[in-house]
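Participant: Could you have a look at this structure, given as structure tokens, before my questions?
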Amino acid sequence: MNAVSTQSEPETAADVTELAKRALEHWGIREGEPELLKFRENAVFRVILPTGQPAAMRIHRLGYHTDAALRSELQWMGFLQSAGIATPSPVATPAGDLFVLVSANASVQPRQVDCLSWLEGRAVGARGVPLDFTPEQARQVFTALGRAIAHMHNVTSAWAPPSGFARHAWDSDGFFGANPNWGRFETSPFLDGPHRELVFQAREKAVKALSEHERSARNFGIIHADLVRENVLVHDGAIRIIDFDDCGHGWHMYDLAVALYQNRDEAIYPLIEAALLEGYRQERALTARDIAALPLFSALRAFAFLGWVQSRVEGDITRDVGQRMSAIAADVVIAYLRGE
């Protein structure tokens, strides 16, 4: 299902907290209060399981994913964790369900709710906040991240998804089709005349480049697709990856481009990019053509952001934030158009 949907009910923190309380009983939790951590695409709570272990409970946005797509996400996460990738794993209910459907009352469409194992760690950073690593620390973190991404791609390439596995694709249709994964950038209110024309020219360049780009088991498979700073944790020097909500089928280079996107304005960006690619190469080969396509995949991330922003303004983000994020994305797209 397309990841863009109308604003769902319930809409307030109090409403989703009430849903979380209703969901607790499915996991046999009868004491304690769910602690709201994040209320954006999904509402995320910290809960304590009957074993005494913490877990992350997610209440999913209505219409964000089909049941089959959510089940597939959880199946892939479970496989990655079993293969030695440091990710959360699904916590099934005592009845064996990976997720349940919960509603506030009989007249309200139920919401998908799941629980994931808790991972300790410090996020690499936050959107719009300069990194606080020394150059050497940044080199170590992004080299380790490159290795972790390559390891994830390696084990997934050898995995046979179960019957019924269904996730969206980060391909040409996923970015530029009639119903893109993150929304249509063409309707963005944040593109002025000159920028709009250049962005549209860049789209034509990107569509053509994608149509000619290799797509094989070597460079295309199931990817995380949202390796932003907040979704990469560092714990005791090791990398942990969270938030697989946007995972799907796509080019491996897109994962690397996304991991670099928020760091473009860092003074040490060349070091960060070199470290990430070097770490990846330590585990999985990259060709010269792969590296040459990095600006294309960075532009694709920017196109996706332009669609995401315009579909969420006044909901998940303010107009001021939407304007800033759109201006950054437009600059990335225009730089790609000009070959910069």
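Participant: Which residue out of 176, 190 is among the aromatic types (Phe, Trp, Tyr) and modelled with pLDDT of 95 or more?
Facilitator: 176
Participant: In addition: Count, please, the residues in the range 93-137 that happen to be in a strand (DSSP E or B) and of a type in the set (Asp, Glu).
Facilitator: 1
Participant: Search the range 22-48 for residues being among the charged types (D, E, K, R) and within 22 Å of the chain's Cα centre (by Cα), and hand back the single one that is least open to solvent (accessible area, probe 1.4 Å).
Facilitator: Filtering the range 22-48 for residues that are among the charged types (D, E, K, R) and within 22 Å of the chain's Cα centre (by Cα), the one least open to solvent (accessible area, probe 1.4 Å) comes out as 41.
Participant: For residue 61, which of the numbered conditions (1) in a loop (DSSP other than H, G, I, E, B); (2) farther than 23 Å from residue 237 by Cβ; (3) open to solvent by 20 Å² or more (accessible area, probe 1.4 Å); (4) in contact (Cβ under 8 Å) with a residue 24 or more places away in the chain fails to hold?
Facilitator: (3)
Participant: Name the residues in the range 174-191 that are touching a residue at least 24 places away in the same chain (Cβ under 8 Å), farther than 22 Å from residue 324 by Cβ and open to solvent by 50 Å² or more (accessible area, probe 1.4 Å), would you?
Facilitator: The answer is 179, and nothing else.
Participant: If I ask for residues that are open to solvent by less than 40 Å² (accessible area, probe 1.4 Å) and either basic (Lys, Arg) or not in a loop (DSSP other than H, G, I, E, B) (or both), which ones from the range 192-216 would you list?
Facilitator: Passing the criteria: 199, 202, 206, 209, 210.
Participant: Let me ask another. Are any of the residues in the range 138-157 touching a His at 6+ places or on another chain (Cβ under 8 Å), assigned to a loop (DSSP other than H, G, I, E, B) and either buried (at least 17 other Cβ atoms within 10 Å of the Cβ) or modelled with pLDDT of 95 or more (or both)?
Facilitator: no
The values are calculated or read from the model by the stated rules, or taken from the named source; none is laboratory data. Given the structure is predicted, the values throughout are model-derived calculations rather than measurements. Glycine gets a Cβ as well: all are built from the backbone with ideal geometry, and neighbour counts include every protein chain shown. These area figures cover heavy atoms from the full protein model, side chains too; ligands, DNA and RNA do not enter into them. Shrake-Rupley method; radii C 1.70, N 1.55, O 1.52, S 1.80 Å.
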